[in-house]
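Notes to accompany the following structure.
Just so it is clear, none of the values below were taken in a lab; they were calculated from the coordinates. Values in this document were obtained by computation on a predicted structure and should not be read as measured data. Here the Cβ is made from the backbone with ideal geometry for all residues, glycine too, and neighbour counts use every protein chain on show.
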Amino acid sequence: MKNNLEEIESQLNLLPPALGLKLISELFPGKVTFSSSLGQEDQVITQLIAFQNLKIQIFSLDTGRLFPETLELLARTEAKFKTKIRVYYPETAAVENLVDANGINGFYDSVDNRKSCCFVRKVEPLRRALAGNEIWVTGLRAEQSANRSEMKRIEWDEGNQILKYNPLLDWSFDEMVAYIETNKIPYNSLHDKGFVSIGCAPCTRAILPEEDARAGRWWWEDSKKECGLHAK
């Protein structure tokens, strides 16, 4: 896969997201999976997959600490697009051990505790979801944060040993919102309350107009605002 990366990238750079997703599904039949956190970017990609009836599996991670609005959106999305989103959960024993060691909200106490929580609730389930696939489709956009601005449209993810395709990489926030409005795509009601990037309820807050889009995630710490899912 890595040997063909440059050739695939050159093709994808010439295609809009819809055609890029179609190409990827044809090049890697039955080996493409899309991780949706049900954010606005992911809702766009879900619509593009469903509209074209592409053979791309869609999955989501339920950490056990999500907002009710997020879970409600999952149900609305499946109904709207007549598609099935497979949900992966953290291992019960791992969660019990984590809470026993650090407390129910121990992630507030240190960056290490927070990363441990993210690993148990997100990273490990993600690895199970990606197993057996060759392409991982994501909703990452370059303007979301400084560390995402250096990403390529398709790149090798060393941590997960898989090619990662970012079809909306060069889309602006305004372009994304306009597409959602035009195509009447369901989205999380929390977006209308100042929540831009939405994760687990205890770790997400609304942002102020002048703040970075990722400022509402893990706001109590000074970090790169990543949980480990997209570490290279």
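Some values worked out for this structure:
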item	result
Loop sites in region 36-95: GluC sites (Glu not before Pro), DSSP, at most 16 other Cβ within 10 Å	91
Range in the chain, longest, excluding exposed chymotrypsin sites (Phe, Trp or Tyr not before Pro) [loop by DSSP; at most 16 other beta-carbon atoms within 10 Å]	1-218
Rg/Rg_ref, region 89-173, where Rg_ref = 2.2 N^0.38 Å and atoms are Cα	1.31
The chain: angle of helix 40-52 to the longest principal axis, Cα-based, in degrees nearest 10	40
Label point distance in nm, residue 19-residue 211, each placed 7 Å from Cα along Cα→Cβ	4.0
0 to 90° range, to nearest 10: angle between helix 68-81 axis and the chain longest Cα axis	20
Note, ³J(HN,Hα) from phi for region 151-167, Karplus 6.51, -1.76, 1.60, rounded to Hz, x at Gly and Pro	6, 9, 4, 9, 8, 7, 9, 5, x, 9, 6, 7, 7, 10, 10, 10, x
Amide H contacts under 5 Å for residue 137, placed H, 5+ residues apart	33, 34, 35, 165
Tensor-based shape of region 17-73 (alpha-carbon gyration tensor, a/c under 1.5 rounded, otherwise prolate or oblate)	prolate
Amide H partners (placed H, <5 Å) of residue 87, local residues excluded	60
Theoretical ellipticity at 222 nm over the chain - DSSP helices of four or more residues, -39500 (n - 2.57) apiece, nearest 500	-10500 deg cm²/dmol
Ellipsoid equivalent to the chain - semi-axes via the Cα gyration tensor, in Å	27, 20, 18
Full-stretch length increase - residue 184, residue 78 - with 0.36 nm per residue and alpha-carbon distance subtracted	36.7 nm
Dipole magnitude of region 12-108 about its Cα centre (Cβ charges: Lys, Arg +1; Asp, Glu -1), debye to nearest 20	540
Amide hydrogen neighbours beyond the local backbone of residue 66, cut-off 5 Å, H modeled	201
Net charge over other residues, Cβ less than 11 angstrom from the Cβ of residue 205 (K, R count +1; D, E count -1)	+1
